[in-house]
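Contents: one structure, followed by commentary.
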Amino acid sequence: MLKTHIKRRAAQGARAVQALADIEASITALNDEDLLDLADIFSGETPTAIGDAASMEVKRRGLSL
């Protein structure tokens, strides 16, 4: 039972890592205008993974809100 639980948790972690990588790839593929819109939408007080990724991509491209 413990081995099954460990395997299930490992698979869940792998899916989460892949989902985050897919989100970051999608953000990277956005054009500048859409990227700025996304960064603006997620620029709230509470940091989020999407907002952080969008902000990093804005900085990498040398854009500003």
ask   = Roughly what angle does helix 49-61 make with the longest principal axis of the chain, taking Cα atoms, 0 to 90 degrees, to the nearest 10?
value = 40 degrees
inquiry  = With every protein chain left in place and a probe of 1.4 Å, what is the accessible surface of R8, to the nearest 10 Å²?
reply    = 140 Å²
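Tell me the relative contact order for the chain as a rounded percent, counting alpha carbon contacts under 8 Å between residues six or more apart.
Numbers: 28 pairs, mean separation 19.7, N = 65.
After rounding, I find 30 percent.
How large is the helix-only mean residue ellipticity at 222 nm for the chain, computed as the sum of -39500 (n - 2.57) over DSSP H runs with n ≥ 4, divided by its residue count, in deg cm²/dmol to the nearest 500?
Values: 3 runs with 51 residues, N = 65.
One gets -26500 deg cm²/dmol as the mean residue ellipticity at 222 nm.
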task = Treating the angle as unsigned and between 0 and 90°, give the value, to the nearest 10°, between the Cα long axis of helix 32-41 and the longest Cα principal axis of the chain.
result = 70 degrees
key: Furthest towards positive pole of dipole, T46, S26, A10, structure part the chain, Cβ charges   = A10
Shape category assigned to the chain from the gyration tensor of Cα positions, a/c cut at 1.5 = prolate
Net charge dipole size for the chain [Lys, Arg +1 and Asp, Glu -1 on Cβ; Debye, nearest 20] = 840 debye
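In nm, what is the difference between 0.36 nm times the number of residues separating D37 and A10 and their Cα-Cα distance? Walk me through the intermediate numbers first.
Working: separation 27, 0.36 × 27 = 9.72 nm, distance 3.48 nm.
Taking D37 through A10 to full extension adds about 6.2 nm, to one decimal.
If R0 is 35 Å, what FRET efficiency do you get for L2 and T28 from their C-beta distance, rounded to 0.05?
E between L2 and T28, to the nearest 0.05, is 0.35.
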key: Accessible surface of the chain [probe 1.4 Å, protein heavy atoms]: carbon and sulfur percent   = 59 percent
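The values are calculated or read from the model by the stated rules, or taken from the named source; none is laboratory data. The structure displayed is predicted, hence computed values, not measured ones. Cβ atoms come from the backbone with ideal geometry, glycine included; neighbour counts cover every protein chain shown. Just so you know, the surface numbers come from the protein's heavy atoms only, side chains and all, with ligands and any DNA or RNA stripped out. Shrake-Rupley method; radii C 1.70, N 1.55, O 1.52, S 1.80 Å.
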